[in-house]
Amino acid sequence: HRGNLRLRVRSMVGLTAMFAVELLEDRQLEHIPEFAAYIQDFLARRPDLASLVSRWYDLGVGNQHLLSLLRGYRLKKLLKRMLDATEFLSDYGIRSLSRIHEKQPYLFYINGQTFSVNYQPAESETAMFGGNSNWRGPIWFPMNYMLISSLYQFHAYYGDDFKVEHPTGSGQYHTLAEIAHDLCHRLLRIFLRDAHGKRAVFGTNDKLQHDPHFKDYLLFYEYFHGNTGQGLGASHQTGWTGLLANLLDLTSEKPTFG
């Protein structure tokens, strides 16, 4: 990679390790003895892999076992980048690629040719995959929802004593539940009117922003601009952007902060 060895591509793929998390209580394991026996056998038979499983034998809040690959310090390492506004954190959710690649594209070299991966917050700038390569910056609802769900799970295990700086560099520390709640609000901000009465989802479309026949009819776009929150791609993607309803339910139960 010549002079680019130190900068690896920073994409949401690196954050997906957070998805694999589950909490189990002993009383639950009593009802699934085959599964409990399988876990114990696996941990005993494969100590090399068992060492990667975080804190299974250390009961957390509510006497729960944590089934995850992320120990606390690993989780904090991931969140340090994820909650950095110069990287993944947007006013409207978590970007699919770090914004650092806007000025520092990831370069790789094959057969004398140079290829790059750069931050593209909106539509794809290349014809790769039929021009449908939209994972270099836009915000995707399903991935954000899974990150939020995982944060609530980790909070249920670690409790209120486990705090992380949010946003990174702000000097303000919050629980994982508070951070998850804030990410919910950032996603909702895509659809809610701002102080000027505009919705980020409609971008610069004056008709959708102001026309009484359109302004209150929201569209469930496929993905959203990584910087502005404008809706992009298909406008009828209720299959996953419909998770908006779940976010409204989550935020109605928890206090806001910041």
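Distance between the C-alpha centres of region 100-121 and region 157-178: 33 Å, rounded to the whole angstrom. Label zone of GLN172 (point 7 Å out along Cα→Cβ, amide N under 15 Å): in region 126-166 this covers 164-166.
For region 162-258, a Kirkwood hydrodynamic radius built from all Cα pairs, placed in the Stokes-Einstein relation at 10 °C and 1.306 mPa s, yields a translational diffusion coefficient of 108 µm²/s. In terms of its Cα atoms, region 82-126 spans 39, 20, 14 Å along the principal axes, sorted from long to short. The coefficient of translational diffusion for the chain, derived via Stokes-Einstein from the alpha carbon Kirkwood radius under 4 °C and 1.567 mPa s, stands at 64 µm²/s. Taking each residue as 0.36 nm, the span from LEU192 to ASN111 lengthens on full extension beyond its C-alpha to C-alpha distance by 24.3 nm. Spatial offset of region 12-58 relative to region 205-253 amounts to 37 Å, using the alpha carbon center of each. Partner lysines whose Cα lies under 18 Å from the Cα of LYS76, excluding those fewer than 8 positions away in the same chain, are identified as LYS163. Rg and Dmax over the alpha-carbon atoms of region 23-141 stand at 20.9, 60 Å. Using a probe of 1.4 angstrom and keeping all protein chains present, the accessible surface of region 48-192 works out to 47 square angstrom per residue. Counted residue by residue at 0.36 nm each, then reduced by the alpha carbon distance between them, the extension gain from PHE19 to SER149 reaches 46.0 nm. Just grab the label-to-label distance for ASP48 and PHE35, each label 7 Å out from Cα along the Cβ direction, in nm (one decimal). It is 2.8 nm. Note on LYS198: lysines with a C-alpha under 23 Å away, same-chain residues under 8 apart excluded, are LYS207, LYS215. Here region 79-202 exposes an accessible surface that is 51 percent carbon and sulfur, computed with a 1.4 Å probe and the other protein chains kept in place.
The values are calculated or read from the model by the stated rules, or taken from the named source; none is laboratory data. Worth saying up front: this structure is predicted, and the values here are computed from it rather than measured. Methodologically, a virtual Cβ is constructed for each residue, glycine included, from the backbone with ideal geometry; neighbour enumeration extends over all protein chains shown. These accessible areas exclude ligands, DNA and RNA; they are computed on the full protein's heavy atoms, side chains included. Shrake-Rupley method; radii C 1.70, N 1.55, O 1.52, S 1.80 Å.
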